[in-house]
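Worksheet for the structure shown next.
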Amino acid sequence: MWAVFAVLSAVFAALTSILAKIGIEGVDSNLATAIRTVVVVAMAWGMVFITHRQGGIHGISRRSWLFLILSGLATGASWLCYYRALQTGSVSKVVPIDKMSTVLTLILAFWLLHERITGKALAGIVFITIGTVMMVV
């Protein structure tokens, strides 16, 4: 089931880029990010209440709170930078660079989470990097 959600995530991420590029025209990138964030917050809390998961908030550990907050700050910084890049650059150049996060994530997973990097994963990192450079240059 995770693969279905991963594919849907990719589809929605692609739509995000196109819809954002159209919607950001004539709008300050920080304001656009704030509007997008309000919508995301409303959707996320809506899902929490629809699925009756709001009671789980009391069981979250301090460590989890810390890392969820840090993740949120990283997400916010990413979105602010992404929208600024979209406002001034073309989607066909901004998105491939943004998707280099895949490579960075794998490297960080290896370094910080001690996940095993296979030969296949290493080859993927190399090919994604080469592909990104070819798309941007």
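Points to keep in mind about this one:
- Taken together, the criteria place S101 among residues that are under 19 Å from the mean Cα position of the chain (by Cα), within 23 Å of V137 (Cα to Cα) and of a type in the set (S, T, N, Q).
- Filter result for M100 (touching a residue at least 40 places away in the same chain (Cβ under 8 Å) and within 30 Å of E25 (Cα to Cα)): no
- Considering the conditions (1) within 21 Å of V95 (Cβ to Cβ); (2) in contact with a helix residue (DSSP H, G or I) (Cβ under 6 Å, 6 or more places away or on another chain), V48 is excluded by exactly one of them, (1).
- Residue list for the stretch 23-45, restricted to those being surrounded by 10 or more Cβ atoms within 10 Å (Cβ to Cβ) and more than 20 Å from the chain's Cα centre (by Cα): V27, D28
- Residue ID - surrounded by the most Cβ atoms within 10 Å (Cβ to Cβ), chosen from residues in the stretch 1-21 that are over 15 Å from the mean Cα position of the chain (by Cα) and free of Cβ contacts under 8 Å to residues at least 12 places away in the same chain: L19
- The lone exception for H114 - which of (1) touching a helix residue (DSSP H, G or I) at 6+ places or on another chain (Cβ under 8 Å); (2) farther than 19 Å from F12 by Cβ it fails: (1)
- With respect to the conditions (1) in a helix (DSSP H, G or I); (2) modelled with pLDDT under 95; (3) surrounded by 12 or more Cβ atoms within 10 Å (Cβ to Cβ); (4) not charged (D, E, K, R), S92 falls short on a single one, namely (3).
- Residues that are surrounded by 16 or more Cβ atoms within 10 Å (Cβ to Cβ) and of a type outside the set (A, V, I, L, M), drawn from the stretch 50-89: W79, Y82, Y83, R84, Q87
Listed here are the residues, each with its yes/no results for (1) within 15 Å of the chain's Cα centre (by Cα); (2) part of a helix (DSSP H, G or I).
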| residue | (1), (2) |
| --- | --- |
| H52 | no, no |
| G55 | no, yes |
| L80 | yes, yes |
| T105 | yes, yes |
| K120 | no, yes |
| A123 | no, yes |
| F127 | no, yes |
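The values are calculated or read from the model by the stated rules, or taken from the named source; none is laboratory data. Treat the numbers as computed from the prediction; the structure is a model and nothing was measured. Every residue, glycine as well, gets a Cβ built from its backbone with ideal geometry; the counts of neighbours run over all protein chains shown.
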